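Working notes, structure below.
Where a number appears in this text, it was derived from the coordinates with a stated rule and is not lab data. Here the structure is a predicted model, which is why all the values come from computation and not from measurement. Ideal geometry is used to build each Cβ from the backbone, glycine not excepted, and the neighbour counts take in all protein chains shown.
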C-alpha cells in the first residue's frame with residue numbers, strides 16, 4: 001500500500017467516523033431532546049423504574065455529599081445501612097458521572113444517559129467497521145443500538 005493510498009484510506013475512515021457520530025448525535029437529540037433541552041424537572045425514565053426509584057436518589061445523595069467534601073462510605077438510608085462507595089452501583093468514582101457535581105440532578109441524569117447512548121452507538125459502529133462490515137451496515141448497527149437504548153431507558 002502506497003503512502004498516498006494509505007492517507008486516502010485514513011481520510012475516508014475519519015469521514016465515516018464523523019458521519020456516524022453526527023448521525024448518532026442527531027438521533028440522541030431527536031430521542032432525548034425534549035428532556036435535554038426542555039423544562040427542568042423531567043428525567044428519562046418511567047415513574048416506577050430503577051432510575052426514578054433508586055439511581056436518582058443514590059446519585060443525589062452520593063454526589064451531594066461529595067460536593068460538600070464528604071466521601072460517602074456508608075448509605076444510612078438503606079435498611080440498617082449498607083456500603084455505598086464499595087457498592088459498584090453508586091458509581092461515585094466513574095469519571096463520566098462527575099457531571100453530577102456541576103449540574104442539577106435531573107439535567108445530569110438525562111445527560112448521563114444521552115451520552116451513554118451516543119457512546120454505545122459509536123462503539124457498535126466501530127466494532128462493525130473493525131469486523132469489516134460495509135459503512136452503511138455499520139451505521140445501521142450503531143443506529144439500532146441507539147434505538148434499543150432509548151426503549152430500555154423508559155422501561
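What the Cβ-Cβ distance of residue 57 and residue 101 gives, at R0 = 25 Å and to the nearest 0.05, is a FRET efficiency of 0.90. The structure shown yields Rg/Rh (Cα atoms, Kirkwood Rh), and of the options (1) 1.09; (2) 1.03; (3) 1.20 that calculated value carries the label (1).
Put in line by how crowded their Cβ is, counting other Cβ atoms within 10 Å and starting with the fewest, 106, 112 read 106, 112.
The fewest-to-most ranking of 49, 116 by surrounding Cβ atoms within 10 Å reads 116, 49. Using a Förster distance of 41 angstrom, determine the FRET efficiency expected from the C-beta separation of residue 47 and residue 12, and round it to 0.05. After rounding to 0.05, the efficiency reads 0.30. Computed packing ranks the peptides 65-76, 20-31 as 20-31, 65-76, most packed first, by mean other Cβ atoms within 10 Å.
With a Förster radius of 41 Å, plug the Cβ-Cβ distance of residue 37 and residue 82 into 1/(1 + (r/R0)^6) and report the FRET value to the nearest 0.05. That pair, residue 37 with residue 82, gives E of 0.70. Taking 125, 113, 61 in turn, the Gaussian network model of the chain (Cα-Cα springs below 10 Å) assigns the largest fluctuation to 61. The C-alpha atoms of the chain define a longest principal axis, and helix 3-36 lies at about 40 degrees to it. One chain, two ends: residue 19 and residue 148. Fully extended at 0.36 nm per residue, the span grows by 44.4 nm beyond their Cα-Cα distance. Computed on the chain, with alpha-carbon pairs under 8 angstrom and 6+ residues apart, the relative contact order is 28 percent.
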